[in-house]
Amino acid sequence: MSTNARIEQIKTFLNETPDDAFLLYALATEYVSLGNDEDALSLYLVLVAKQPDYFATYYHLGKLYERIGEDGKAEKTYEQGLTITKRLGQKHAHGELRGAYEELTF
């Protein structure tokens with residue numbers, strides 16, 4: 001299935017369940033793969049605001065911020081994600097965020 005077909009399929013599913021965190025995340029990820037940073041950023045920010053415990057968002061939002069030259073926002077995003085993954089006991093995700101944070105700040 002092509003990226004555009006996946007995007008259309010995800011959008012169809014989102015029409016039925018517009019607050020589905022996984023679908024929003026999947027759509028943002030598809031936009032990243034196309035280089036559509038603006039739409040990806042918009043969706044990641046919706047996820048952080050409306051579904052802050054969807055911890056997968058923080059790593060990818062941080063990487064997106066790094067790619068567009070917003071290192072300060074990336075650092076804050078990683079810090080948020082570290083706090084959430086620690087609270088939720090998500091050790092693997094916490095480790096990935098810690099690595100990204102340390103790579104950025106050291």
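Read the figures in this text as sums done on the coordinates, not as results from a lab. Source: prediction; values computed, not measured. In this analysis, Cβ positions are derived from the backbone assuming ideal geometry, glycine residues included, and neighbour counts consider all displayed protein chains.
About the Cα centre of the chain, what is the dipole size in debye to 20, counting +1 per Lys and Arg Cβ and -1 per Asp and Glu Cβ, all else neutral?
The dipole of the chain has a size of about 320 debye.
Express the relative contact order of the chain as a whole percentage, based on alpha carbon pairs under 8 Å and six or more residues apart in sequence.
17 percent
Dipole of region 3-105 (Lys/Arg Cβ +1, Asp/Glu Cβ -1, origin at the Cα centre): which of Thr85, Thr3, Gly69 lies farthest to the positive side?
Thr85
What FRET efficiency comes out for Asp20 versus Phe106 if R0 is 25 angstrom and r is the Cβ-Cβ distance? Round to the nearest 0.05.
0.10
Over region 3-105, one equal point on each Cα, no solvent: what is log10 I(q)/I(0) by the Debye formula at q = 0.19 Å⁻¹?
The calculated log intensity ratios at q = 0.19 Å⁻¹ are -0.90.
Specify whether the C-alpha gyration tensor of region 20-77 places it in the rounded, prolate or oblate class, a ≥ b ≥ c being the square roots of the eigenvalues: rounded for a/c under 1.5, otherwise prolate if a/b is larger than b/c and oblate if not.
Oblate, because a/c is 1.5 or more while a/b does not exceed b/c.
Output ³J(HN,Hα) for region 79-93: one whole-Hz value per residue in order, computed from phi by the Karplus curve 6.51 cos²θ - 1.76 cosθ + 1.60 with θ = phi - 60°, and x for Gly and Pro.
4, 4, x, 4, 4, 5, 5, 5, 4, 8, x, 8, 5, 5, 4
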